[in-house]
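J.: My questions will all concern the structure given below.
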Amino acid sequence: MDSNSIKNSDKATSDSGIAISDSGIATSKTSANLPSPVLPLLADGRKKKWSYSSLVFSLFYFVPMLFMQNAPSNWVMALILTGFVTFVLLYVLCVNQPVNRLPYYLTAMIFLAYTTSLVNPGGTVIFGFISFIVGYYYRLRTGIILLLIVSASLIVMKVLLYPTGLFFFLGAGSNIAVLFGFGYMERKETLFQQKEAKHAAALGTLSAIAERERIGRDLHDVAGHALSSISLKAQVADKLLSKGRTAEAQAEVKALAQLSQQLLSEIRQTVSGIKHLSFSQEIAKNMAKLSEQGFHEVSDVDESSFTHLTPLQETQLSLIVKEATTNILRHSKGNQATLTLQCTNDMLTLVITDNGNSHCQTEGNGVQGIRERAELINATVEFQWGSPTVLTLQLPLLSKPDNNAQSTH
């Protein structure tokens, strides 16, 4: 690569905010100045199931009542029940709020926890849920400070209000510490996944830049000499015609036509090498997307299948998988999706199944697009509607699209 290409590459990477460290890893040059990371809501994706199912543990709120020597009065029981219902509502609202609105709801939950604890030691259970939310959304230092404040207040409450309730307060303290740890570990895992996604995006950006530079160099090398020859031969033919030497001029014109056809073929070959969608990466990306949205995804992929595909076939199959995933996320009411890719007897078979209950009286743009893409690569596709919904695609690997189709698309 010459110095101009290096400068252009440096400029492109600078404009995209990407830099290469000494170890060759793509990093963001502004990472040191970035604000606190934006974490997905606890009610989004795969976190949603755990966030709501954990409410089962809130039933420990009522356990201390089983050990009370005297049954609580009606108004105390009403206050306890009202406090529990209010907690559930606040918790649901809390896990659906962005971090900038969170302090209002956390303050309300803390106030509720103290209030209910005055009449029921089980109210301390609420502090555990608060600790989980704090551990997930806030930095470790902030979370520990809040944890220490809550723990100190529980000790004061134990001494002043419940001198004989040691067991429940020890349980509450353990609950706070454990759930805060779970929240912090969930935060670390989420940040790691975001970091990996950013690195992958950075590497993809650099790969695209390198690909554009390669195509530019190849086109320059292929077309530069050929176009100079075409220009020269056209000038020669023009001079021969002006002198009446028609036969020699016709020979030059024929050579000119052959040279232009050769140039066209070489340009097509160069352009066909442009980076296409990776079928294997598209499968992995869409399976991860289903998992993030709460689907139990299962994939059974024959890795050898990818080696038999042309760039056009790989690109169209990638787009079909992407569209099928979009349809599942939009229309399926199920919770499980399966993708199977097998290659047997020169036949590639792709099967995508979900356990929803989909009905299709008229095919929309998505389904029609899948059929058109399958037809483009000489594949057959069938849909089975109902429960389960099944997409089956079969591609004869010996049936290759012609070069003109590849270069056109």
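J.: If I model a spin label at Asp44 and Arg212 as a point 7 Å from the Cα along the Cα→Cβ vector, what separation in nanometres do I get?
T.: Output for this residue pair reads 2.9 nm.
J.: Which whole number in µm²/s is D for region 43-129 by Stokes-Einstein, with the Kirkwood Rh taken over Cα pairs at 25 °C and 0.890 mPa s?
T.: 180
J.: Let me ask something else. So, with +1 on the Cβ of K and R and -1 on the Cβ of D and E, and no other charges, what is the size of the charge dipole of region 279-408 about its Cα centre, to the nearest 20 debye? Before the final figure, lay out each step's value.
T.: On the way: 8 positive and 15 negative charges, 67 e Å.
With only Lys, Arg, Asp and Glu charged at Cβ, the dipole is about 320 debye.
J.: Counting only Cα, what are the radius of gyration and maximum Cα-Cα distance Dmax of region 315-360, in Å?
T.: 12.0, 35
J.: Turning to a different aspect of this structure: With respect to the cross-link table entries Lys195/Lys289; Lys47/Lys188; Lys49/Lys285, which display a Cα-Cα separation exceeding 19 Å? Before the final figure, lay out each step's value.
T.: Details: Lys195/Lys289 17 Å; Lys47/Lys188 14 Å; Lys49/Lys285 21 Å.
As for pairs spanning more than 19 Å Cα to Cα, those are Lys49/Lys285.
J.: How much length would be gained if the chain were fully extended between Ser260 and Leu81, taking 0.36 nm per residue of separation minus their Cα-Cα distance, in nm to one decimal? Don't jump to the answer; show the numbers that get you there.
T.: Numbers: separation 179, 0.36 × 179 = 64.44 nm, distance 8.53 nm.
Residue separation times 0.36 nm, minus the Cα-Cα distance, leaves 55.9 nm.
J.: Could you compute the FRET efficiency for Thr362 and Gln336, with r as their C-beta to C-beta distance and R0 at 25 Å, rounded to 0.05?
T.: Working: r = 26 Å, r/R0 = 1.06.
Here the calculated transfer efficiency is 0.40.
J.: What is the percent of Cα-Cα separations in region 262-378 that go past 20 Å?
T.: For region 262-378, the share of Cα pairs beyond 20 Å comes to 48 percent.
J.: For region 35-275, state the semi-axes of the equivalent ellipsoid (square roots of 5 times the eigenvalues of the alpha-carbon gyration tensor), sorted largest first and rounded to whole angstrom.
T.: Values: eigenvalues 1264, 48, 29 Å².
With the √(5λ) rule applied to region 35-275, the semi-axes are 79, 15, 12 Å.
J.: Next question, about the same structure. On a full-extension model of 0.36 nm per residue, what is the gain between Leu102 and Leu66, subtracting their alpha-carbon distance, rounded to one decimal in nm?
T.: Between Leu102 and Leu66, full extension yields 9.6 nm more.
Every number here is computed from the coordinates shown, using simple stated rules; none is lab data. Keep in mind that this is a model prediction, so the values were computed, not measured. Please note: Cβ atoms are built from the backbone with ideal geometry, for glycine as well, and neighbour counts cover all protein chains shown.
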